[in-house]
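Inspection log for the structure reproduced underneath, given as C-alpha cells.
Nothing in this text is a laboratory measurement; each read-out follows from the coordinates by a stated rule. This structure is a prediction, so every number in the text was calculated from the model and none was measured. So basically every Cβ, Gly included, is an ideal-geometry build from the backbone, and we count neighbours across all protein chains shown.
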Amino acid sequence: MSSENETDFQFLAENSADIICRVGMDQVTRYVSPSCHQVLGWTPEEMIGKGADAFILSEDIPEMHTAIARILAPGVQTDLGTLRMRKKDGTIAWMEMNVRLIRDSTTDEPLEVVMVMRDITERKILEEKLSALALTDGLTGILNRRAFDEALNSEWKRTLREGSQISLLMLDIDHFKQFNDKYGHQAGDDCLRAVAVAVSGAVRATDVVSRYGGEEITVILPSTSTLGAVETAEKIRSSIEALQIPHEGNPEGGGWLTVSVGVATALARQGGTIRMPESLLLAADNAMYKAKHEGRNRVATALLIAPTGG
C-alpha cells in the first residue's frame, strides 16, 4: 500500500466496529483492529503474530482456506463466508467474513489478505430458533412431519451409501378417537404430550422421534436391525402402558392407554428392488395396522431389501 492508502486504512480500521485483519500469504496475522477486544475479548497484541486459524474453530478452518483459495483465482478479488471464532472467555462468536486479496501493483503478485469480520452471533441464534420452530411440532415439542421427511430421506441415502440397514417405527394410540370423545380434546392433547415424552425417553440420542400426524408418532432408527428395532419398540410400548393413563374405551389395554407399533427394517443388499424411503414408511404403516388387527397393544414387523446401488 502507498503511505496515503496506509493512513486511510489505519483510520478506517481503528474506527470500525468490524474486526479488520491483515494476514500475510503465510497466513500469519500482521494487523488486527482494536475492535477485536470488544467483539472477541482478545487484544490486538494477543492476535498479531499468530496463525489466522488460531482463533477459528477447527471445523471452520477449511471455510477460511477455501475463501483464500478462491480469491487467488485470476479475476477474483473478494469472497464472502461465515465461520465461528473462539472468544477469550471460551464462548463462540459467529462471524461474517469478507476476504479481499491485495496484490503488488507492479508485479501483480499476492501480498496479503485483508479480512473484514462482523459479529452475526445474534442473527445466527435467531435463525437457529426460527429453523427449530419450523421443524418442531407445536403441540408435542418433538419434530414435525417436515423434519421427519428430511431426516428419513437423509438417513435412507446414508444407509444405501454404507450398505447397512435402517429401521422405522410407527406407533398409533389405540382407540384415540374414543379417548377424545370420553375425556375431551384437552385431555387428548395432554395425552399426546405424555406419549411424546415417553417415546423420546425410550430411544437413543441418535434416533429421530417425530409426530407424523394426528396421534401417529414415528421413530427413525439408523443402523438398527429388526431385532434391535423390536427391542426399542417393546420398550416404547411398555413405557406408554406404564404411564397408567385411564382409557375406558380401550378394552384390549385393560382400560389403560396403549399403543400399537409397526416395525419396518430395510437392508441395503445386492439384488434388492426397493428404492424409495416411502417404501419403508409404507411397510412400517402396514406393520402397525397388522399389530392393531392382531389385538392392539403389541408390536408387528416387516422387512425390505433395498439395493446397495441406490
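Highest GNM mean-square fluctuation among Asp137, Asp79, Asp285, for the chain modelled with Cα contacts below 10 Å: Asp79. In plain terms, the chain is cut at each of the GluC sites (Glu not before Pro) found in a DSSP loop with at most 14 other Cβ atoms within 10 Å, and the longest leftover piece is 1-247. Evaluated over the Cα positions of region 180-310, the convex hull gives a direction-averaged projected area, one quarter of its surface, of 8.1 nm².
Since only Gly81, Pro44, Gln10 are under comparison, the one whose Cα sits farthest along the positive direction of the charge dipole of region 3-126, derived from C-beta charges on Lys, Arg, Asp and Glu, is Gly81. Shown here is the pair-distance distribution of region 137-247: with all Cα-Cα distances grouped in 10 Å bins from zero up to the longest one, the shares run 14, 45, 30, 10, 2 percent. When you filter the trypsin sites (Lys or Arg not before Pro) in region 159-258 for DSSP loop state and at most 15 other Cβ atoms inside 10 Å of their Cβ, you are left with Arg204. Maximal additional length on extending the Ser154-Asn98 stretch stands at 17.0 nm, based on 0.36 nm per residue less the C-alpha distance. Going Cα to Cα from Lys50, which lysines come in below 17 Å? Please leave out same-chain ones fewer than 8 positions away. Partners found: Lys87, Lys88.
State the answer as a single residue: which of Ile305, Gln244, Val199 lies farthest towards the positive end of the charge dipole of region 135-306, with beta carbon charges of +1 for Lys and Arg and -1 for Asp and Glu, about the Cα centre. Comparing the listed Cα positions along the dipole, Ile305 ranks first. Over the chain, dividing the summed -39,500 (n - 2.57) contributions of all DSSP H runs of at least 4 residues by the number of residues returns a 222 nm mean residue ellipticity of -12500 deg cm²/dmol.
Which pairs in the list Lys157/Lys290; Lys129/Lys290; Lys157/Lys292 are over 32 Å apart, alpha-carbon to alpha-carbon?
Violating the 32 Å Cα-Cα cut-off are Lys129/Lys290.
Comparing Leu160, Met170, Val113 along the charge dipole axis of region 102-178, the residue lying farthest to the positive side is Met170, per the Cβ-charge model. Ordering Ser239, Ser260 from the fewest to the most neighbouring beta carbons within 10 Å gives Ser239, Ser260.
Looking at the chain, the DSSP beta bridges with both ends there are about 85 percent antiparallel.
Of all DSSP bridge pairs formed entirely within region 125-256, close to 95 percent run antiparallel.
Simple point charges give the picture: +1 on the Cβ of Lys and Arg, -1 on the Cβ of Asp and Glu, and for region 181-224 a dipole about the Cα centre of about 160 debye. Think of each Lys and Arg Cβ as +1 and each Asp and Glu Cβ as -1; about the Cα centre, that makes the dipole of the chain roughly 1060 debye.
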